[in-house]
Amino acid sequence: MKGHILGVRNLTTTETEQLFDLARSLKHDRHTRQPAPLRGLSIGLLFQHPSLRTKASFDIAIHELGAHPVYFSNEEVRMGTRETPEDVARVLSRYVAAIVARLRSHKELERFAAASTVPVINALTDFEHPCQALADLLTIKEVFGSLEGNHLAFVGDADNNVATSLLLIAPKLGVRFTLIAPHGYQPRAAVLQQAMADGNALVTVVDTPDQADLASVNILYTDVWVSMGQEEEQHRRKEDLRDYQINHALLCRCRSDCIVLHCLPAKRGQEITSDVLEGPHSRVFDQAENRLHIQKALLQMVLAKE
Ligand code: CP
């Protein structure tokens, strides 16, 4: 593995499998005495959006690997107004061994990474959320033992960053992928074409749940209808997506061992009902925990060759 992780396609299939193995081993050994492979390094955390899971899990991952996390909020850096992305990247590269960046714009992340001389890891942009998708796939592997042969249905805004990262990696690893979304919320053509070209499993886009082969679905996934930065569209989005909820009725139409995933934070009563989120099929808190283990593995692999 070398360089930046701006999207899931920056990892080869072999590297992704190695990442899962390392994450599982780090998870297993977490509470026993461990070497600190990144001792002496500092790693920057640059966040333009709020975060609970990503900030906490990266901060703790860095600490547990023996390195020092340095957090920069948007309020103090004000990238784009106080300073250009290129200058921020060039300065931070002189201080830290890697930069974890949650930026509003993927294009800005690409500019930032092009100027950085240390690896940059995408902690969410308006286009991709690779760390989330990798943690989700680790969770699926834990539950079902493998990725091949599973059928994931993503319900709701299938053009958002989490759906995009999942679509670009899950079929490549053998997960059948169905996107259930109305027009205007379906994946953009270039992403869909890429997923189909890379994929080793069927990829299908349907307009309604009735058009999907729900009986074979063993993973139901959703995310909020209004992502960060889309607050001005919230009224229209809630109207457009009101029939795309994960609820008991939808779950009953899927395989009896179907699990429910959500990257969190969730809006109970909108994209998912509370009874399903809290019910026996839900794996959302295992998913949230796996953010820590997959990011520890990612940091270790990214920095191993530096
Ligand atoms: N799922 C996720 O990325 O959560 P945060 O926005 O809280 O980091």
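Using +1 at the Cβ of each Lys and Arg and -1 at the Cβ of each Asp and Glu in the range 210-306, identify which of ALA266, GLN211, TRP225 lies farthest towards the dipole's positive end.
ALA266
Keeping all protein chains in place, calculate the accessible area per residue for the range 174-306 (probe 1.4 angstrom), answer in Å².
46
So if we plug the beta-carbon distance of ALA114 and THR14 into 1/(1 + (r/R0)^6) with R0 = 30 Å, what FRET efficiency do we get, rounded to 0.05?
0.70
So what is the orientation-averaged projected area of the chain, using the convex hull of its C-alpha atoms, in nm²? Please report the intermediate quantities before stating the final value.
Values: hull surface 60.2 nm².
Projected area, direction-averaged: 15.1 nm².
Of LYS27/LYS172; LYS172/LYS296; LYS107/LYS141; LYS141/LYS296, which ones are farther than 29 Å apart at the Cα?
Table pairs above 29 Å Cα-Cα are LYS107/LYS141.
Given a 1.4 angstrom probe, I'd like the percentage of the accessible area of the chain that is carbon and sulfur, rounded to a whole number.
Numbers: 6460 of 13280 Å².
Percent of accessible area from carbon and sulfur atoms in the chain: 49.
Quick query: amide H of VAL100 versus all other amide H atoms, modeled in the peptide plane; which residues come in under 5 Å with a sequence gap of 5 or more or a different chain?
The answer is GLY44, LEU45, LEU46, ILE121.
Provide Rg over Rh for the range 255-306; use the alpha carbon set for both Rg and the Kirkwood Rh (inverse mean inverse pair distance).
Rg divided by Rh gives 1.18.
Name the long-range amide H neighbours of LEU124: under 5 Å, sequence gap of 5 or more, or other chain; modelled H, no Pro or chain starts.
Answer set, sorted by chain and number: LEU103.
Is the C-alpha gyration tensor of the range 192-232 telling us rounded, prolate or oblate? Criteria: a/c under 1.5 is rounded; beyond that, a/b larger than b/c is prolate, otherwise oblate.
Oblate shape, in that a/c is at least 1.5 and b/c is the bigger or equal ratio.
State, to one decimal in nm², a quarter of the convex hull surface area for the C-alpha atoms of the range 147-267, i.e. the direction-averaged projected area. Please report the intermediate quantities before stating the final value.
On the way: hull surface 28.0 nm².
That works out to 7.0 nm².
Go through ARG255, ARG53 and list them by solvent-accessible area, largest first, probe radius 1.4 Å.
Ranked from most to least accessible, the order is ARG255, ARG53.
Amide H neighbours of THR178 under 5 Å, at least 5 residues apart or on other chains, H built in the peptide plane: list them.
LEU152, ALA153, PHE154, THR204
Leaving out ligands, DNA and RNA but keeping every protein chain, what accessible area does MET228 have, in Å² rounded to the nearest 10, with a 1.4 Å probe?
Using a 1.4 Å probe on the heavy atoms, I get roughly 80 Å².
DSSP H helices in the chain with Cα extent of 24 Å or more along the helix axis and mean Kyte-Doolittle hydropathy at least -1.0?
Helices meeting the span and hydropathy rule in the chain are 284-304.
So how exposed is GLU231, as accessible area in Å² (1.4 Å probe, rounded to 10)?
GLU231 has an accessible surface of roughly 100 Å² with all protein chains in place.
Using a 1.4 Å probe and counting only protein heavy atoms, arrange HIS63, HIS28, HIS281 so the residue with the most accessible area comes first.
Greatest to least solvent exposure: HIS28, HIS63, HIS281.
Please give the solvent-accessible surface of ARG104 in Å², to the nearest 10, using a probe radius of 1.4 Å with every protein chain present.
110
For labels at THR84 and GLU233 in the simple 7 Å Cα→Cβ model, what's the distance in nm?
Computed distance between label sites THR84 and GLU233 equals 3.0 nm.
The values are calculated or read from the model by the stated rules, or taken from the named source; none is laboratory data. Source: prediction; values computed, not measured. Cβ: placed from backbone, ideal geometry, glycine included. Neighbour counts: every protein chain shown. Note: areas computed on protein heavy atoms with side chains; ligands, DNA, RNA excluded. Shrake-Rupley method; radii C 1.70, N 1.55, O 1.52, S 1.80 Å.
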